[in-house]
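Report on the structure given below.
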Amino acid sequence: MIKKITALTLVILMLFSFIACDSEAGGNENTKENSDAAATSQTTEAQTTAEAGGSAEVTDKLVLFADGETKYKIVYPSVANDTSLAARTAASALKNAFASAFGVTPETVSESTEATEYEIIIGNTERTTSAIVLAKNEYIIKASNKKIFIFAGSDEALTSAVTYFINTYVIKDQNGACYISLNLSIRESAEINEKTINLKTATYNIKNGELVEYNYNLIAQDILNEGAEIVALQEIDKNTTRNGNKDTMAILSEKTGYQYYKFAKAINVHGGEYGVAILSKYPITETEIIDLPELSSEDEDRVCLHAKININGFILDYFVTHTNMSCVDVSLTEINKSTSQCSPFILAGDFNTSDFSKFMAILNSYTANNSSNNIATAGTHKFDNFVLSNKITTQKVYAKDTGHSDHCMLVCELTIPIN
């Protein structure tokens with residue numbers, strides 16, 4: 001009997017031991033699940049911390065602002081022109097947006113300063129190495145090697161790009177941070193309202209006033225009759241014995257009421273000077289005189305006058321010349337060195353050629369007087385012309401025979417984009 005009880009006791013003890021072992025194993029499994037959950041929670045927390053600019057690192061995010069601080073500088077072009085002005089304005093808008101959102105103002109610097117690792121680069125700078133050609137209304141926002149590039153095909157598109165960047169990315173997350181994707185790459189089109197100005201201009205070879213016996217009141221009246229706002233003039237005398245020591249341009253300015261003019265001497269003649277000029281209703285802010293090459297010592301010296309004219313805030317590059325018949329090609333090639341740096345531009349004058357193909361030397365342009373209209377301006381010759389950059393649209397072009405010169409006045413009505 002005692003043996004039977006002992007055997008039963010051993011069986012019961014073994015059963016309890018098995019249950020206890022199974023219970024312990026179940027407990028370990030529950031602990032593992034809890035541990036995995038905790039690890040997941042820690043990973044999520046670390047990721048959030050990294051996105052907020054904390055010590056943990058996340059590989060697919062680029063932190064712009066976190067904990068009230070930023071490593072970034074805003075970089076704008078260093079070249080002093082209208083385009084860089086637009087970029088500096090956009091850079092200032094971005095700086096102010098960051099200041100408003102985060103209470104911290106990032107530094108804005110010119111591209112001429114030493115490059116740093118963290119930069120937001122606005123506009124076309126030496127740091128913007130993309131070879132992509134953008135349409136006027138396109139812009140790109142791109143992250144590359146911790147730098148952010150915002151550039152565009154025009155000033156207006158750049159403004160739209162920075163506005164988009166501000167509205168999309170300069171926003172605090174729940175942790176007070178701001179970040180973008182390391183792989184950010186956006187190419188978009190902006191809506192641009194095309195702004196234009198209408199301009200009436202003329203070119204007039206006045207044969208130094210000889211045919212009106214140097215009564216420049218008549219030449220002034222010719223200009224006023226056509227209503228040209230900017231006039232390119234050739235064969236202008238200044239204080240010569242043949243014109244009675246008169247300053248032609250000073251008289252034309254007085255009689256037309258056009259305050260602004262510039263004379264460019266080509267040669268000395270008859271005790272005075274002789275050359276080309278520009279007469280304008282609008283301020284002439286800057287000028288340069290381009291000496292034109294000669295093919296032989298017998299060629300008369302010629303020049304091209306380049307003026308920057310301020311038309312209600314828009315700066316127009318305007319050129320006037322009077323080329324030698326023997327070297328039109330080389331003269332135009334020389335002038336192209338300057339016109340190729342300007343957009344838009346107008347080149348006006350007496351070119352002493354009816355061969356319109358010669359004007360191909362001026363790149364990205366077309367002639368107002370061409371094989372389609374063949375406007376004679378000096379007898380049967382089509383010597384007088386306007387060479388216009390492709391952005392400019394010709395609305396009307398015609399010759400006005402005043403009888404006051406051996407050339408007609410060539411008049412052109414234009415529409416010029418000013419975006």
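General observations
- THR367 meets the conditions (1) over 26 Å from SER338 (Cα atoms); (2) at pLDDT 95 or above in every case but one. The failed one is (1).
- Matching residues in the range 337-359 - criterion: being surrounded by fewer than 19 Cβ atoms within 10 Å (Cβ to Cβ), touching a strand residue (DSSP E or B) at 6+ places or on another chain (Cβ under 7 Å) and of a type in the set (Gly, Ala, Ser): SER338, SER343, SER354
- Complete set of residues in the range 381-405 that are over 17 Å from GLN221 (Cα atoms) and either of a type in the set (Val, Ile, Thr) or without any contact (Cβ under 8 Å) to a residue 12 or more places away in the chain (or both): VAL387, ILE392, THR393, THR394, VAL397
- Filter result for GLU334 (assigned to a loop (DSSP other than H, G, I, E, B), touching a residue at least 12 places away in the same chain (Cβ under 8 Å), among the acidic types (Asp, Glu) and surrounded by fewer than 22 Cβ atoms within 10 Å (Cβ to Cβ)): no
- Any hit, the range 112-121, residues being assigned to a loop (DSSP other than H, G, I, E, B) and either surrounded by 19 or more Cβ atoms within 10 Å (Cβ to Cβ) or acidic (Asp, Glu) (or both): yes
- Residue selected from the range 122-138 under the condition of a type in the set (A, V, I, L, M, F, W, C) and at pLDDT 85 or above, by the criterion surrounded by the most Cβ atoms within 10 Å (Cβ to Cβ): ILE122
- Extreme residue, modelled with the lowest pLDDT, among residues of the range 139-192 that are assigned to a loop (DSSP other than H, G, I, E, B) and more than 23 Å from VAL104 (Cα to Cα): ILE192
- Near pairs, Cβ below 8 angstrom, 6+ apart or cross-chain, from the range 406-419 (over 12 Å from THR203 (Cα atoms)) to any residue that is at pLDDT 95 or above and part of a loop (DSSP other than H, G, I, E, B): ASP406/GLY379
- Hey, ASN245 exposed (fewer than 15 other Cβ atoms within 10 Å of the Cβ), assigned to a helix (DSSP H, G or I) and either assigned by TED's automatic domain parsing to the domain that holds LEU410 or touching a strand residue (DSSP E or B) at 6+ places or on another chain (Cβ under 9 Å) (or both) or not: no
- Meets criteria (in contact (Cβ under 8 Å) with a residue 60 or more places away in the chain and not hydrophobic (A, V, I, L, M, F, W, C)) for LYS95: no
This table checks each residue for (1) closer than 30 Å to THR415 by Cα; (2) of a type outside the set (Ser, Thr, Tyr).
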{"site": "ALA152", "(1), (2)": "yes, yes"}
{"site": "VAL162", "(1), (2)": "yes, yes"}
{"site": "ASN183", "(1), (2)": "no, yes"}
{"site": "LEU211", "(1), (2)": "no, yes"}
{"site": "THR241", "(1), (2)": "no, no"}
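- For the residues LEU363, LEU316, LEU347, LEU305, the requirement of being touching a residue at least 60 places away in the same chain (Cβ under 8 Å) and under 25 Å from the mean Cα position of the chain (by Cα) singles out LEU316.
- Qualifying residues in the range 312-327 (those that are out of contact with any Ser or Thr (no Cβ under 9 Å at 6 or more places or on another chain) and in a strand (DSSP E or B)) - the one surrounded by the most Cβ atoms within 10 Å (Cβ to Cβ): HIS322
- In the set (1) outside any strand (DSSP E or B); (2) surrounded by 14 or more Cβ atoms within 10 Å (Cβ to Cβ), ILE236 fails one condition alone, (1).
- Checked across the range 352-363, the condition of being of a type outside the set (Phe, Trp, Tyr), closer than 30 Å to ALA86 by Cβ and assigned by TED's automatic domain parsing to the domain that holds GLU235 holds for at least one residue.
- Among the residues of the range 360-394, the ones that are crowded, with 22+ Cβ neighbours inside 10 Å and not in a loop (DSSP other than H, G, I, E, B) come to 7 in all.
- Verdict on LYS136 being in a loop (DSSP other than H, G, I, E, B), outside the structural domain of PHE345 (by TED's automatic domain parsing), of a type in the set (D, E, K, R) and closer than 30 Å to PHE386 by Cα: yes
The values are calculated or read from the model by the stated rules, or taken from the named source; none is laboratory data. Because the structure is predicted, anything quoted here is derived from the model rather than measured. Because the Cβ atoms are built from the backbone with ideal geometry, glycine has one as well, and the counts that use them run over all protein chains shown.
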